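Scroll down for the structure; my scribbles are underneath it.
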2 protein chains.
Amino acid sequence: MSNSRNTIARTEILNLIREAGEALSHADLQASLGDLCNRVTIYRVLDRLLEERLIHKIADVDGNITYAACHDCSSRHLHNHIHFRCEACQSVTCLNRVEPEFKLPRQYVVHSMNFTVSGLCPKCSGKR
Amino acid sequence: MSNSRNTIARTEILNLIREAGEALSHADLQASLGDLCNRVTIYRVLDRLLEERLIHKIADVDGNITYAACHDCSSRHLHNHIHFRCEACQSVTCLNRVEPEFKLPRQYVVHSMNFTVSGLCPKCSGKR
DNA sequence: TTTATTAATGCAACTTAGTTGCAATTAATT
DNA sequence: AATTAATTGCAACTAAGTTGCATTAATAAA
């Protein structure tokens, strides 16, 4: 039933996102891809990958969008793990192990969530 | 020590945000204000109000920015409550009572956080 | 292998969000 | 009333994302 085609742009973009240690922005991808494809294509490939649930979208405290690979999303696609954005090195990483706990009144229906924490990452904080 | 001036634009914008039941976007504010002031002024007033910690900034799952009044931020300005965005009526509300619990490895330094959940609000879900 | 189908792409033009420099205005202080 | 510096408006700009349409190319069918 999958009518999604395996194009060079799609393959490259998915590889970049999967192999990156951190979440990538559209601008990051465009810089890496050079003129392999048009910037509009990047937007459209990202939309497709989101729809296919191969990647997910992260908005940080300022609304900046980045994309990261999904790990275990075939069954449920609720990304209730925390994303951390470092204010020093700008990196956005998924803290897959940290699942925040919370309870909404039962009248609410949850479809998706976006938990982003900003501050200093271990590399930049100098803490141990 | 406050060198912030009490202008009409500032007063109006703060009132609008405080009296709104939900978080407002720049576009919302511009629509309400009409030609009371320039749209650039709205951006600058919002920046000032953020710096003065009278309002806070919310980014939803898609990176859309809205602003809401702060309630108890004079002491600490960590907004670790959940924001809920309704996909049906587009409203963004603060769920002040719901504080998510989570623990980061101690090497991380947290400065700010953005927790946004999307789905259906009580009005739109029809649940009780 | 060739043909047919339609998803995917490139391009240009567009919208929306936000920023910047600068001259003019005005709130608050003296 | 005069002074000072914060604030504003304006115009021009950058960045992010979208849309329509003609062209290209991945996949399936013949």
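What value does region B:1-43 have for Rg/Rh, both radii from Cα atoms and Rh as Kirkwood defines it?
On the way: Rg = 10.8 Å, Rh = 11.0 Å.
Ratio of gyration radius to Kirkwood radius: 0.98.
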Exercise for the section: In whole Hz, with x marking every Gly and Pro, tabulate ³J(HN,Hα) for region A:4-16 from phi via Karplus 6.51 cos²θ - 1.76 cosθ + 1.60, θ = phi - 60°. Expected result: 9, 9, 8, 9, 4, 4, 4, 4, 5, 5, 5, 4, 4
Completion exercise
Residues meeting the amide H criterion for residue A:61 (H placed from the backbone, H to H distance under 5 Å, 5 or more places apart or on another chain) are none
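Given Cβ point charges of +1 (Lys, Arg) and -1 (Asp, Glu) and nothing else, what value in debye, to the nearest 20, does the dipole of chain A about its Cα centre take?
Details: 16 positive and 14 negative charges, 58 e Å.
Charge dipole, chain A, about its Cα centre: 280 debye, nearest 20.
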Handout entry: Pseudo-label separations to other copies for residue B:8 - Cα-to-Cβ vector, 7 Å, nm
Key = 5.9
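Antiparallel DSSP bridges in chain B: what percent, to the nearest 5? Don't skip to the answer; put the middle values down first.
Values: 10 of 15 bridges.
Here the antiparallel bridges make up roughly 65 percent for chain B.
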Problem - For residue B:34, inter-copy label distances in nm, listed shortest first [label point 7 Å out on the Cα-Cβ vector] - result: 5.7
Exercise for the section: Report the local net charge at residue A:63: Lys and Arg +1, Asp and Glu -1, summed over other residues whose C-beta lies under 11 Å from its C-beta. Expected result: -3
Practice task
Quote the accessible area belonging to residue B:41 in square angstrom, nearest 10, computed with a 1.4 Å probe and with ligands, DNA and RNA left uncounted.
Solution key: 40
Completion exercise
Using alpha carbon centers only, region B:1-44 is separated from region B:81-112 by a whole-angstrom value of 24
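Beyond 26 Å between alpha-carbons counts as too far, so tell me which of B:57/B:103; A:127/B:57; A:103/B:103; A:103/A:123; A:103/B:57; A:103/B:123 fall in that bin.
Details: B:57/B:103 23 Å; A:127/B:57 28 Å; A:103/B:103 17 Å; A:103/A:123 33 Å; A:103/B:57 22 Å; A:103/B:123 18 Å.
Those over the limit are A:127/B:57; A:103/A:123.
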Problem - Across the identical copies, how the residue B:103 labels are spaced - nm, sorted shortest first, 7 Å along Cα→Cβ - result: 2.0
Problem - Protein heavy-atom accessible area occluded, A/B pair - total, 1.4 Å probe, Å² - result: 3300
Fill in the blank from the handout: Calculated from DSSP helices alone, with each H run of at least 4 adding -39500 (n - 2.57) and the total divided by the residues of chain A, [θ]222 nm to the nearest 500 comes to -8000 deg cm²/dmol
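Using a 1.4 Å probe on the protein heavy atoms, what percent of the accessible area of the protein assembly as shown belongs to carbon and sulfur? Provide the component values of the computation, followed by the final result.
Numbers: 6760 of 15010 Å².
Within the protein assembly as shown, the accessible surface is 45 percent carbon and sulfur.
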Exercise for the section: Could you work out which residue, out of A:43, A:67, A:108, moves most in a Gaussian network model of chain A, that is, has the largest mean-square fluctuation with Cα springs under 10 Å? Expected result: A:108
Handout entry: Theoretical FRET efficiency, 1/(1+(r/R0)^6), r = Cβ-Cβ of residue A:71 and residue B:15, R0 30 Å, to 0.05
Key = 0.05
Practice task
Note down the relative contact order for chain B as a percent, whole number, built from C-alpha pairs under 8 angstrom at least six residues apart.
Solution key: 23
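Grab the beta carbon distance between residue A:62 and residue A:106, set R0 = 35 Å, and tell me the FRET efficiency rounded to 0.05. Could you put the intermediate results ahead of the total?
Values: r = 32 Å, r/R0 = 0.92.
The value I calculate is 0.65.
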Exercise for the section: Enter the per residue convex hull volume of region B:8-123, computed from alpha-carbon coordinates, in Å³ rounded to the nearest integer. Expected result: 126
Problem - Accessible area in the full protein assembly, largest first, 1.4 Å probe, for A:57, A:127 - result: A:127, A:57
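Work out the FRET efficiency for residue A:28 and residue B:27 from their Cβ-Cβ distance, taking R0 = 22 Å, and round it to the nearest 0.05. Let's see the in-between values first.
Values: r = 28 Å, r/R0 = 1.26.
In this case the efficiency is close to 0.20.
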Fill in the blank from the handout: chain A, Gaussian network, Cα under 10 Å: of A:115, A:102, A:84, the residue fluctuating most is A:102
Handout entry: Extension reserve of the residue A:90-residue A:41 stretch, reckoned as 0.36 nm per residue once the Cα distance is removed
Key = 15.1 nm
Exercise for the section: Quickly work out the residue B:128-to-residue B:53 label distance, labels modelled 7 Å from Cα along the C-beta direction, and quote it in nm with one decimal. Expected result: 4.3
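The values are calculated or read from the model by the stated rules, or taken from the named source; none is laboratory data. If you're wondering where the values come from, they're calculated on a predicted model, not measured in any experiment. All Cβ positions, glycine included, derive from the backbone under ideal geometry; neighbour counts span all protein chains shown. Areas reflect the complete protein model, heavy atoms only, side chains present, ligands, DNA and RNA absent. Shrake-Rupley method; radii C 1.70, N 1.55, O 1.52, S 1.80 Å.
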